[in-house]
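Colleague: One structure coming up, written as C-alpha coordinates, with questions to follow.
The values are calculated or read from the model by the stated rules, or taken from the named source; none is laboratory data. Values in this document were obtained by computation on a predicted structure and should not be read as measured data. For neighbour counting, all protein chains shown are included, and Cβ atoms are generated from backbone atoms with ideal geometry for every residue, glycine included. All accessible areas refer to the heavy atoms of the entire protein, side chains included, with ligands and DNA or RNA removed. Shrake-Rupley method; radii C 1.70, N 1.55, O 1.52, S 1.80 Å.
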Amino acid sequence: MTKLKSIRAFAVLAVAGGVAFGGAAQADENAELIVNGEITLVTKTAAPDHLKDAVDTIYSGWLFRETGTQAMQMDDFVNPGMLDAEAGIELYNAVDGTEGKSCASCHGDIAEGMKGLRAVYPKWNEAAGEVRTMEMQVNDCRETRMGAEPYKYISREMGQIVSAVSLQSRGEPVNVAIDGPVAATWAQGKELYYTRTGILDLSCASCHEENYGNMIRADHLSQGQINGFPVYRLNNAKINQVHDRFKGCVRDTRAETYNPGSSEFIALELYVASRGNGLSVEGVSVRN
Amino acid sequence: MADNVTPRVRVPKSASAGEVISIKTLISHIMESGQRKDGDGNLIPRSIINRFTCDFNGQNVIDVTLEPAISTNPYFEFEAVIPETGELKFTWYDDDGSVYEDAKQVTVG
(Lines give C-alpha, C1' and ligand atoms only; values in the text may rest on other atoms or scores of the structure.)
Protein backbone atom coordinates (compact mmCIF):
# COMPACT_ATOMS: atom_id res chain seq x y z
CA MET A 1 0.00 0.00 0.00
CA THR A 2 2.81 2.36 0.80
CA LYS A 3 4.05 1.86 -2.74
CA LEU A 4 0.71 2.83 -4.18
CA LYS A 5 0.79 5.93 -2.09
CA SER A 6 4.21 6.91 -3.32
CA ILE A 7 3.04 6.70 -6.91
CA ARG A 8 -0.03 8.74 -6.08
CA ALA A 9 2.02 11.24 -4.13
CA PHE A 10 4.20 11.75 -7.12
CA ALA A 11 1.24 12.22 -9.41
CA VAL A 12 -0.05 14.95 -7.13
CA LEU A 13 3.35 16.59 -7.06
CA ALA A 14 3.50 16.46 -10.82
CA VAL A 15 0.14 18.18 -11.11
CA ALA A 16 1.20 20.82 -8.63
CA GLY A 17 4.45 21.32 -10.49
CA GLY A 18 2.74 21.15 -13.85
CA VAL A 19 2.30 24.88 -14.09
CA ALA A 20 5.99 25.49 -13.65
CA PHE A 21 7.38 22.57 -15.61
CA GLY A 22 4.83 22.08 -18.37
CA GLY A 23 5.07 18.46 -19.40
CA ALA A 24 6.32 17.12 -16.10
CA ALA A 25 3.20 15.05 -15.49
CA GLN A 26 3.92 11.36 -15.31
CA ALA A 27 2.82 8.18 -13.61
CA ASP A 28 -0.91 8.58 -13.75
CA GLU A 29 -1.72 5.26 -12.19
CA ASN A 30 -5.06 5.09 -13.94
CA ALA A 31 -3.82 5.83 -17.44
CA GLU A 32 -5.11 3.30 -19.97
CA LEU A 33 -2.91 1.80 -22.62
CA ILE A 34 -4.96 1.39 -25.79
CA VAL A 35 -2.94 0.73 -28.92
CA ASN A 36 -4.24 2.00 -32.27
CA GLY A 37 -7.50 2.83 -30.54
CA GLU A 38 -8.47 -0.84 -30.44
CA ILE A 39 -6.16 -3.09 -28.39
CA THR A 40 -6.50 -2.51 -24.65
CA LEU A 41 -3.50 -3.75 -22.68
CA VAL A 42 -3.50 -4.61 -18.99
CA THR A 43 -0.91 -2.41 -17.26
CA LYS A 44 -2.05 -2.89 -13.68
CA THR A 45 -3.34 -6.04 -12.03
CA ALA A 46 -3.21 -8.14 -8.88
CA ALA A 47 0.19 -9.67 -8.17
CA PRO A 48 0.56 -13.40 -8.91
CA ASP A 49 0.32 -15.67 -5.86
CA HIS A 50 4.05 -16.24 -5.50
CA LEU A 51 4.59 -12.49 -5.20
CA LYS A 52 1.77 -11.69 -2.77
CA ASP A 53 4.15 -11.35 0.18
CA ALA A 54 6.17 -8.67 -1.59
CA VAL A 55 3.69 -6.52 -3.52
CA ASP A 56 -0.10 -6.35 -3.91
CA THR A 57 -0.30 -4.94 -7.39
CA ILE A 58 1.93 -5.26 -10.42
CA TYR A 59 2.42 -2.38 -12.85
CA SER A 60 3.74 -2.26 -16.39
CA GLY A 61 6.71 0.01 -16.90
CA TRP A 62 4.52 1.98 -19.33
CA LEU A 63 2.73 3.58 -16.35
CA PHE A 64 5.99 5.05 -15.09
CA ARG A 65 6.93 6.85 -18.29
CA GLU A 66 6.18 10.39 -19.35
CA THR A 67 2.97 11.05 -21.25
CA GLY A 68 4.87 11.72 -24.49
CA THR A 69 6.66 8.39 -24.29
CA GLN A 70 3.41 6.68 -23.41
CA ALA A 71 1.72 8.17 -26.45
CA MET A 72 4.39 6.79 -28.78
CA GLN A 73 3.38 3.28 -27.81
CA MET A 74 -0.30 3.96 -28.38
CA ASP A 75 0.04 4.30 -32.13
CA ASP A 76 1.96 1.76 -34.19
CA PHE A 77 2.78 4.39 -36.79
CA VAL A 78 4.58 6.48 -34.20
CA ASN A 79 6.16 3.53 -32.34
CA PRO A 80 9.71 3.35 -33.74
CA GLY A 81 10.02 -0.28 -32.66
CA MET A 82 7.52 -1.27 -35.33
CA LEU A 83 10.17 -0.68 -37.99
CA ASP A 84 12.24 -3.43 -36.39
CA ALA A 85 9.21 -5.68 -35.96
CA GLU A 86 8.52 -5.31 -39.69
CA ALA A 87 12.15 -6.10 -40.47
CA GLY A 88 11.79 -9.12 -38.20
CA ILE A 89 8.81 -10.38 -40.17
CA GLU A 90 10.94 -10.18 -43.32
CA LEU A 91 13.67 -12.19 -41.58
CA TYR A 92 11.03 -14.72 -40.51
CA ASN A 93 10.00 -15.22 -44.12
CA ALA A 94 13.52 -15.16 -45.57
CA VAL A 95 15.19 -18.43 -46.57
CA ASP A 96 18.58 -18.85 -44.92
CA GLY A 97 21.06 -21.69 -44.37
CA THR A 98 21.92 -24.98 -46.05
CA GLU A 99 18.44 -26.55 -45.73
CA GLY A 100 16.79 -23.91 -47.90
CA LYS A 101 14.23 -23.08 -45.23
CA SER A 102 12.81 -19.99 -43.58
CA CYS A 103 11.06 -19.83 -40.22
CA ALA A 104 7.81 -19.79 -42.19
CA SER A 105 8.65 -23.10 -43.93
CA CYS A 106 7.91 -24.97 -40.70
CA HIS A 107 5.85 -22.54 -38.64
CA GLY A 108 3.65 -21.06 -41.36
CA ASP A 109 2.33 -17.54 -41.29
CA ILE A 110 3.84 -15.64 -38.36
CA ALA A 111 0.43 -14.46 -37.13
CA GLU A 112 -0.63 -18.09 -36.65
CA GLY A 113 2.63 -19.90 -36.01
CA MET A 114 4.00 -17.55 -33.36
CA LYS A 115 0.74 -16.55 -31.67
CA GLY A 116 0.88 -16.57 -27.88
CA LEU A 117 4.50 -17.64 -27.59
CA ARG A 118 5.92 -14.50 -25.98
CA ALA A 119 3.49 -14.93 -23.09
CA VAL A 120 4.89 -18.31 -22.02
CA TYR A 121 8.64 -17.79 -22.56
CA PRO A 122 11.09 -18.61 -21.04
CA LYS A 123 9.84 -22.19 -20.90
CA TRP A 124 11.03 -25.74 -20.44
CA ASN A 125 12.19 -27.61 -23.51
CA GLU A 126 11.65 -31.29 -22.85
CA ALA A 127 13.88 -32.61 -25.64
CA ALA A 128 16.82 -30.44 -24.61
CA GLY A 129 16.16 -30.78 -20.89
CA GLU A 130 16.68 -27.08 -20.24
CA VAL A 131 14.88 -23.79 -19.77
CA ARG A 132 14.94 -21.84 -23.00
CA THR A 133 14.47 -18.19 -23.76
CA MET A 134 12.95 -17.16 -27.06
CA GLU A 135 16.39 -16.16 -28.33
CA MET A 136 17.74 -19.66 -27.60
CA GLN A 137 14.81 -21.26 -29.40
CA VAL A 138 15.35 -19.03 -32.44
CA ASN A 139 18.99 -20.01 -32.64
CA ASP A 140 18.26 -23.70 -32.09
CA CYS A 141 15.88 -23.62 -35.06
CA ARG A 142 18.44 -21.77 -37.15
CA GLU A 143 21.19 -24.27 -36.41
CA THR A 144 19.38 -27.61 -36.36
CA ARG A 145 16.51 -27.08 -38.78
CA MET A 146 17.74 -24.39 -41.17
CA GLY A 147 21.45 -25.11 -41.17
CA ALA A 148 22.05 -21.41 -40.71
CA GLU A 149 24.51 -19.48 -38.57
CA PRO A 150 23.05 -18.61 -35.18
CA TYR A 151 22.46 -14.94 -34.48
CA LYS A 152 24.52 -13.31 -31.78
CA TYR A 153 22.39 -13.38 -28.60
CA ILE A 154 22.21 -9.61 -28.45
CA SER A 155 22.17 -8.36 -32.02
CA ARG A 156 20.12 -6.33 -34.41
CA GLU A 157 18.75 -9.40 -36.21
CA MET A 158 17.89 -11.21 -32.98
CA GLY A 159 16.17 -8.11 -31.64
CA GLN A 160 14.17 -7.83 -34.84
CA ILE A 161 13.04 -11.45 -35.00
CA VAL A 162 12.12 -11.47 -31.30
CA SER A 163 10.19 -8.22 -31.83
CA ALA A 164 8.26 -9.74 -34.72
CA VAL A 165 7.44 -12.88 -32.74
CA SER A 166 6.50 -10.96 -29.58
CA LEU A 167 4.12 -8.75 -31.52
CA GLN A 168 2.02 -11.83 -32.34
CA SER A 169 1.26 -12.18 -28.62
CA ARG A 170 0.34 -8.56 -28.00
CA GLY A 171 -2.53 -8.30 -25.53
CA GLU A 172 -2.19 -11.81 -24.15
CA PRO A 173 -1.48 -12.10 -20.42
CA VAL A 174 2.03 -13.14 -19.43
CA ASN A 175 1.74 -16.70 -18.14
CA VAL A 176 5.11 -18.36 -17.61
CA ALA A 177 5.18 -21.64 -15.71
CA ILE A 178 7.17 -21.61 -12.49
CA ASP A 179 6.68 -25.17 -11.24
CA GLY A 180 7.53 -28.65 -12.48
CA PRO A 181 10.80 -28.97 -14.35
CA VAL A 182 11.55 -25.23 -14.24
CA ALA A 183 11.23 -24.95 -10.44
CA ALA A 184 14.96 -25.14 -9.78
CA THR A 185 15.77 -22.52 -12.42
CA TRP A 186 13.02 -20.28 -11.11
CA ALA A 187 14.42 -20.57 -7.58
CA GLN A 188 17.87 -19.67 -8.88
CA GLY A 189 16.39 -16.63 -10.60
CA LYS A 190 14.62 -15.59 -7.43
CA GLU A 191 17.84 -15.82 -5.46
CA LEU A 192 19.64 -13.68 -8.05
CA TYR A 193 16.83 -11.12 -7.91
CA TYR A 194 17.38 -10.62 -4.19
CA THR A 195 21.19 -10.85 -4.26
CA ARG A 196 22.98 -7.54 -3.87
CA THR A 197 25.80 -6.91 -6.33
CA GLY A 198 28.39 -4.29 -7.12
CA ILE A 199 30.04 -1.41 -5.35
CA LEU A 200 26.62 0.14 -4.82
CA ASP A 201 25.46 -3.08 -3.16
CA LEU A 202 22.04 -3.14 -4.83
CA SER A 203 19.82 -6.06 -5.71
CA CYS A 204 17.05 -5.94 -8.31
CA ALA A 205 14.64 -5.72 -5.36
CA SER A 206 16.40 -2.69 -3.87
CA CYS A 207 15.12 -0.53 -6.71
CA HIS A 208 12.26 -2.39 -8.35
CA GLU A 209 10.50 -3.88 -5.34
CA GLU A 210 11.32 -1.57 -2.44
CA ASN A 211 11.51 1.73 -4.31
CA TYR A 212 9.41 1.65 -7.44
CA GLY A 213 7.57 4.90 -7.88
CA ASN A 214 10.50 6.81 -6.38
CA MET A 215 13.14 8.68 -8.32
CA ILE A 216 16.69 7.43 -8.73
CA ARG A 217 18.39 10.65 -9.76
CA ALA A 218 16.41 11.70 -12.87
CA ASP A 219 14.83 8.30 -13.47
CA HIS A 220 11.43 7.21 -12.31
CA LEU A 221 11.86 3.68 -10.98
CA SER A 222 9.44 1.12 -12.36
CA GLN A 223 8.76 -2.34 -11.01
CA GLY A 224 11.21 -3.70 -13.54
CA GLN A 225 8.56 -5.75 -15.31
CA ILE A 226 9.59 -7.32 -18.61
CA ASN A 227 6.13 -7.81 -20.11
CA GLY A 228 6.90 -5.01 -22.58
CA PHE A 229 10.06 -6.57 -23.97
CA PRO A 230 11.62 -6.27 -26.40
CA VAL A 231 11.50 -2.50 -25.93
CA TYR A 232 12.47 0.37 -28.17
CA ARG A 233 14.50 2.65 -25.93
CA LEU A 234 14.71 6.32 -26.78
CA ASN A 235 17.94 6.27 -24.80
CA ASN A 236 19.83 4.34 -27.48
CA ALA A 237 17.30 4.46 -30.33
CA LYS A 238 17.14 0.73 -30.86
CA ILE A 239 15.45 -2.49 -29.81
CA ASN A 240 16.65 -3.71 -26.43
CA GLN A 241 16.32 -7.34 -25.41
CA VAL A 242 15.76 -8.54 -21.86
CA HIS A 243 19.34 -9.63 -21.19
CA ASP A 244 20.64 -6.37 -22.58
CA ARG A 245 18.58 -4.51 -19.99
CA PHE A 246 19.64 -6.90 -17.19
CA LYS A 247 23.24 -6.28 -18.13
CA GLY A 248 22.70 -2.53 -18.01
CA CYS A 249 21.07 -2.72 -14.60
CA VAL A 250 23.77 -4.94 -13.08
CA ARG A 251 26.43 -2.70 -14.60
CA ASP A 252 24.77 0.27 -12.96
CA THR A 253 25.29 -1.35 -9.57
CA ARG A 254 28.96 -1.19 -10.59
CA ALA A 255 29.35 -4.94 -10.72
CA GLU A 256 30.94 -7.26 -13.24
CA THR A 257 27.84 -8.41 -15.14
CA TYR A 258 26.74 -11.85 -16.24
CA ASN A 259 26.75 -12.36 -19.98
CA PRO A 260 23.64 -12.17 -22.12
CA GLY A 261 22.55 -15.77 -22.73
CA SER A 262 24.25 -17.03 -19.54
CA SER A 263 22.47 -19.50 -17.25
CA GLU A 264 22.22 -16.76 -14.60
CA PHE A 265 20.36 -14.37 -16.89
CA ILE A 266 18.13 -17.16 -18.23
CA ALA A 267 17.10 -17.97 -14.65
CA LEU A 268 16.63 -14.29 -13.85
CA GLU A 269 14.53 -13.78 -16.98
CA LEU A 270 12.26 -16.66 -15.99
CA TYR A 271 11.83 -15.28 -12.49
CA VAL A 272 11.29 -11.66 -13.53
CA ALA A 273 8.84 -12.74 -16.25
CA SER A 274 6.88 -14.67 -13.62
CA ARG A 275 6.60 -11.52 -11.49
CA GLY A 276 4.61 -10.08 -14.39
CA ASN A 277 2.19 -12.99 -14.77
CA GLY A 278 -1.13 -11.33 -15.53
CA LEU A 279 0.15 -8.19 -17.27
CA SER A 280 -0.29 -8.00 -21.04
CA VAL A 281 2.46 -8.77 -23.47
CA GLU A 282 3.04 -5.36 -25.06
CA GLY A 283 4.84 -6.62 -28.13
CA VAL A 284 7.28 -3.87 -28.86
CA SER A 285 6.97 -1.24 -26.16
CA VAL A 286 8.53 2.22 -26.00
CA ARG A 287 10.53 3.33 -22.98
CA ASN A 288 13.04 6.05 -22.20
CA MET B 1 24.79 3.82 -48.76
CA ALA B 2 22.05 3.55 -46.22
CA ASP B 3 20.26 0.20 -46.04
CA ASN B 4 16.62 -0.66 -45.52
CA VAL B 5 15.29 2.82 -46.14
CA THR B 6 11.50 2.66 -46.23
CA PRO B 7 9.31 5.75 -46.20
CA ARG B 8 5.90 5.58 -44.53
CA VAL B 9 3.12 8.15 -44.68
CA ARG B 10 -0.24 8.38 -42.97
CA VAL B 11 -2.79 10.76 -44.45
CA PRO B 12 -6.61 10.71 -44.26
CA LYS B 13 -8.11 9.38 -47.50
CA SER B 14 -10.78 12.05 -47.63
CA ALA B 15 -11.33 15.57 -46.33
CA SER B 16 -13.80 18.41 -46.70
CA ALA B 17 -12.74 21.43 -48.76
CA GLY B 18 -10.54 23.75 -46.73
CA GLU B 19 -10.10 21.21 -43.91
CA VAL B 20 -6.86 21.14 -41.97
CA ILE B 21 -5.56 17.58 -41.98
CA SER B 22 -2.80 16.02 -39.92
CA ILE B 23 -0.01 14.34 -41.87
CA LYS B 24 2.44 11.90 -40.31
CA THR B 25 5.59 10.68 -42.03
CA LEU B 26 8.30 8.31 -40.96
CA ILE B 27 11.36 7.05 -42.78
CA SER B 28 13.67 4.34 -41.54
CA HIS B 29 17.22 5.63 -41.80
CA ILE B 30 20.38 5.27 -39.70
CA MET B 31 21.06 9.04 -39.65
CA GLU B 32 24.77 8.57 -39.00
CA SER B 33 25.98 11.95 -37.77
CA GLY B 34 29.54 11.86 -39.08
CA GLN B 35 30.80 12.67 -35.60
CA ARG B 36 31.25 9.14 -34.30
CA LYS B 37 34.27 6.89 -34.55
CA ASP B 38 34.32 3.14 -35.08
CA GLY B 39 36.21 0.61 -32.97
CA ASP B 40 39.48 1.40 -34.74
CA GLY B 41 39.19 5.13 -34.20
CA ASN B 42 38.24 5.97 -37.78
CA LEU B 43 35.49 8.48 -38.39
CA ILE B 44 32.23 6.88 -39.55
CA PRO B 45 31.19 8.90 -42.60
CA ARG B 46 28.08 11.04 -42.37
CA SER B 47 24.97 9.47 -43.85
CA ILE B 48 21.73 11.32 -43.22
CA ILE B 49 18.54 12.43 -44.91
CA ASN B 50 19.35 16.10 -45.49
CA ARG B 51 16.08 17.38 -46.91
CA PHE B 52 12.39 16.51 -46.76
CA THR B 53 9.64 18.10 -48.81
CA CYS B 54 5.91 17.72 -49.21
CA ASP B 55 3.96 19.12 -52.18
CA PHE B 56 0.25 19.25 -52.86
CA ASN B 57 -0.67 19.32 -56.54
CA GLY B 58 2.71 20.85 -57.28
CA GLN B 59 2.47 23.50 -54.56
CA ASN B 60 4.97 23.26 -51.76
CA VAL B 61 3.55 22.49 -48.30
CA ILE B 62 6.71 22.04 -46.29
CA ASP B 63 10.44 22.03 -47.03
CA VAL B 64 12.71 20.89 -44.22
CA THR B 65 16.49 20.94 -43.92
CA LEU B 66 17.66 18.12 -41.70
CA GLU B 67 20.86 18.42 -39.70
CA PRO B 68 23.16 15.69 -38.35
CA ALA B 69 21.82 16.00 -34.80
CA ILE B 70 18.46 14.53 -35.84
CA SER B 71 18.24 10.98 -34.57
CA THR B 72 17.58 7.75 -36.37
CA ASN B 73 14.28 7.18 -38.26
CA PRO B 74 13.17 10.82 -38.68
CA TYR B 75 9.49 11.39 -37.96
CA PHE B 76 7.56 14.45 -39.09
CA GLU B 77 4.03 15.40 -38.17
CA PHE B 78 2.51 18.54 -39.66
CA GLU B 79 -0.78 20.00 -40.83
CA ALA B 80 -1.96 21.18 -44.21
CA VAL B 81 -5.09 22.82 -45.59
CA ILE B 82 -6.69 20.72 -48.33
CA PRO B 83 -8.60 23.01 -50.76
CA GLU B 84 -9.43 20.39 -53.40
CA THR B 85 -8.96 16.77 -54.43
CA GLY B 86 -5.34 16.11 -55.15
CA GLU B 87 -2.14 14.30 -54.48
CA LEU B 88 0.33 14.84 -51.66
CA LYS B 89 3.85 14.05 -52.81
CA PHE B 90 6.56 13.33 -50.26
CA THR B 91 10.27 13.39 -51.06
CA TRP B 92 13.28 12.57 -48.91
CA TYR B 93 16.82 13.40 -50.09
CA ASP B 94 19.71 11.21 -48.91
CA ASP B 95 23.34 12.31 -48.53
CA ASP B 96 24.33 9.61 -51.00
CA GLY B 97 22.14 11.14 -53.71
CA SER B 98 19.27 8.70 -53.32
CA VAL B 99 15.78 10.16 -53.44
CA TYR B 100 12.91 8.36 -51.76
CA GLU B 101 9.34 9.17 -52.74
CA ASP B 102 5.82 8.43 -51.66
CA ALA B 103 2.46 9.88 -52.68
CA LYS B 104 -1.04 9.85 -51.21
CA GLN B 105 -4.34 10.78 -52.80
CA VAL B 106 -6.75 12.92 -50.77
CA THR B 107 -10.31 13.16 -52.02
CA VAL B 108 -12.46 16.20 -51.26
CA GLY B 109 -16.14 15.50 -51.38
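Colleague: Could you tell me which of the residues A:100, A:88, A:68 is open to solvent by less than 30 Å² (accessible area, probe 1.4 Å) and either out of contact with any helix residue (DSSP H, G or I) (no Cβ under 7 Å at 6 or more places or on another chain) or within 14 Å of chain B (Cβ to nearest Cβ) (or both)? Walk me through it before giving the result.
Modeller: On the way: A:100 fails: open to solvent by less than 30 Å² (accessible area, probe 1.4 Å); A:68 fails: open to solvent by less than 30 Å² (accessible area, probe 1.4 Å).
On inspection, the qualifying residue turns out to be A:88.
Colleague: So, one more: Just one of the numbered conditions (1) closer than 20 Å to residue A:83 by Cα; (2) among the charged types (D, E, K, R); (3) open to solvent by 40 Å² or more (accessible area, probe 1.4 Å) is not true of residue B:51; which one?
Modeller: Unmet condition: (1).
Colleague: Sticking with this structure for a sec: For segment A:169-182, state whether one or more residues are β-branched (Val, Ile, Thr) and within 14 Å of chain B (Cβ to nearest Cβ).
Modeller: Applying the first criterion (β-branched (Val, Ile, Thr)) to segment A:169-182 yields A:174, A:176, A:178, A:182.
So of that shortlist, the ones also within 14 Å of chain B (Cβ to nearest Cβ) come out as none.
Scanning segment A:169-182, I find no residue that is β-branched (Val, Ile, Thr) and within 14 Å of chain B (Cβ to nearest Cβ), so the answer is no.
Colleague: Continuing with the same structure: Could you list, in sequence order, all residues of segment B:55-78 that are open to solvent by 70 Å² or more (accessible area, probe 1.4 Å) and closer than 30 Å to residue A:239 by Cα? Break it down stepwise before answering.
Modeller: Keep residues of segment B:55-78 that are open to solvent by 70 Å² or more (accessible area, probe 1.4 Å), which gives B:57-60, B:63, B:65, B:67, B:69, B:71, B:75, B:77.
Listed by number, the residues that qualify are B:65, B:67, B:69, B:71, B:75, B:77.
Colleague: While we're looking at this one, here's another question. Could you please let me know if residue A:187 is among the small types (Gly, Ala, Ser) and surrounded by fewer than 18 Cβ atoms within 10 Å (Cβ to Cβ)? Please lay out each step first, then the result.
Modeller: Numbers: among the small types (Gly, Ala, Ser): yes; surrounded by fewer than 18 Cβ atoms within 10 Å (Cβ to Cβ): yes.
In short, yes.
Colleague: Testing residue B:40 on (1) touching a residue at least 60 places away in the same chain (Cβ under 8 Å); (2) exposed (fewer than 15 other Cβ atoms within 10 Å of the Cβ), one condition comes back false. Which one is that?
Modeller: Failed condition: (1).
Colleague: Tell me which of these residue B:84 doesn't satisfy, since it passes every other one: (1) open to solvent by 30 Å² or more (accessible area, probe 1.4 Å); (2) within 13 Å of chain A (Cβ to nearest Cβ).
Modeller: (2)
Matching residues to (1) at positive phi; (2) modelled with pLDDT under 95; (3) assigned to a helix (DSSP H, G or I):
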residue: A:112; (1), (2), (3): no, yes, yes
residue: A:128; (1), (2), (3): no, yes, no
residue: A:138; (1), (2), (3): no, no, yes
residue: A:145; (1), (2), (3): no, yes, yes
residue: A:153; (1), (2), (3): no, no, no
residue: A:158; (1), (2), (3): no, no, yes
residue: A:166; (1), (2), (3): no, no, yes
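Colleague: Checking residue A:192 against (1) open to solvent by less than 50 Å² (accessible area, probe 1.4 Å); (2) touching a residue at least 12 places away in the same chain (Cβ under 8 Å); (3) not in a helix (DSSP H, G or I), which single condition isn't satisfied?
Modeller: The single condition residue A:192 does not satisfy is (3).
Colleague: Can you tell which of A:169, A:155, A:206 is crowded, with 18+ Cβ neighbours inside 10 Å and either in contact with a Phe, Trp or Tyr (Cβ under 6 Å, 6 or more places away or on another chain) or not β-branched (Val, Ile, Thr) (or both)?
Modeller: Details: A:155 fails: crowded, with 18+ Cβ neighbours inside 10 Å; A:206 fails: crowded, with 18+ Cβ neighbours inside 10 Å.
Exactly one residue qualifies, and that residue is A:169.
Colleague: Answer yes if at least one residue in segment A:221-233 is open to solvent by 20 Å² or more (accessible area, probe 1.4 Å) and within 14 Å of another protein chain (Cβ to nearest Cβ), and no otherwise.
Modeller: Yes: segment A:221-233 contains one or more residues that are open to solvent by 20 Å² or more (accessible area, probe 1.4 Å) and within 14 Å of another protein chain (Cβ to nearest Cβ).
Colleague: Can we say residue A:264 is of a type in the set (Asp, Glu), modelled with pLDDT of 95 or more and over 23 Å from residue A:45 (Cα atoms)?
Modeller: Details: of a type in the set (Asp, Glu): yes; modelled with pLDDT of 95 or more: yes; over 23 Å from residue A:45 (Cα atoms): yes.
Here the answer is yes, as residue A:264 does meet what is asked.
Colleague: Which of the residues spanning segment B:4-23 are under 12 Å from residue B:102 (Cβ atoms) and either open to solvent by less than 40 Å² (accessible area, probe 1.4 Å) or in contact with a Leu (Cβ under 8 Å, 6 or more places away or on another chain) (or both)?
Modeller: Of segment B:4-23, the ones under 12 Å from residue B:102 (Cβ atoms) are B:5-11, B:23.
Once the filter is applied, which keeps residues that are under 12 Å from residue B:102 (Cβ atoms) and either open to solvent by less than 40 Å² (accessible area, probe 1.4 Å) or in contact with a Leu (Cβ under 8 Å, 6 or more places away or on another chain) (or both), segment B:4-23 yields B:5, B:6, B:7, B:8, B:9, B:11, B:23.
Colleague: For segment B:24-57, give me each residue that is part of a strand (DSSP E or B), β-branched (Val, Ile, Thr) and more than 14 Å from chain A (Cβ to nearest Cβ).
Modeller: First, pick out the residues of segment B:24-57 that are part of a strand (DSSP E or B): B:24-27, B:32, B:37, B:43, B:47, B:49-56.
So of that shortlist, the ones also β-branched (Val, Ile, Thr) come out as B:25, B:27, B:49, B:53.
The answer is B:49, B:53.
Colleague: Another one. Out of A:80, A:48, which single residue is within 19 Å of the chain's Cα centre (by Cα) and within 14 Å of chain B (Cβ to nearest Cβ)? Write out each step before concluding.
Modeller: On the way: A:48 fails: within 14 Å of chain B (Cβ to nearest Cβ).
Only one candidate qualifies: A:80.
Colleague: Could we say that residue B:21 is in contact with a Pro (Cβ under 9 Å, 6 or more places away or on another chain), in a strand (DSSP E or B) and farther than 26 Å from residue A:239 by Cβ here? Step through it out loud before you land on a result.
Modeller: Details: in contact with a Pro (Cβ under 9 Å, 6 or more places away or on another chain): yes; in a strand (DSSP E or B): yes; farther than 26 Å from residue A:239 by Cβ: yes.
It is true that residue B:21 is in contact with a Pro (Cβ under 9 Å, 6 or more places away or on another chain), in a strand (DSSP E or B) and farther than 26 Å from residue A:239 by Cβ.
Colleague: Determine which single condition residue A:128 fails, assuming it passes every other condition in (1) of a type in the set (A, V, I, L, M, F, W, C); (2) within 21 Å of the chain's Cα centre (by Cα); (3) within 21 Å of residue A:261 (Cα to Cα).
Modeller: Here residue A:128 clears every test but (2).
Colleague: Name the residues in segment A:232-288 that are more than 17 Å from residue A:185 (Cβ to Cβ), in contact (Cβ under 8 Å) with a residue 60 or more places away in the chain and among the acidic types (Asp, Glu), would you?
Modeller: Passing the criteria: A:244, A:282.
Colleague: Quick one: would you say residue B:61 is in contact (Cβ under 8 Å) with a residue 40 or more places away in the chain and either more than 14 Å from chain A (Cβ to nearest Cβ) or in a loop (DSSP other than H, G, I, E, B) (or both)? Can you show your working first?
Modeller: On the way: in contact (Cβ under 8 Å) with a residue 40 or more places away in the chain: no; either more than 14 Å from chain A (Cβ to nearest Cβ) or in a loop (DSSP other than H, G, I, E, B) (or both): yes.
Criteria not met by residue B:61.
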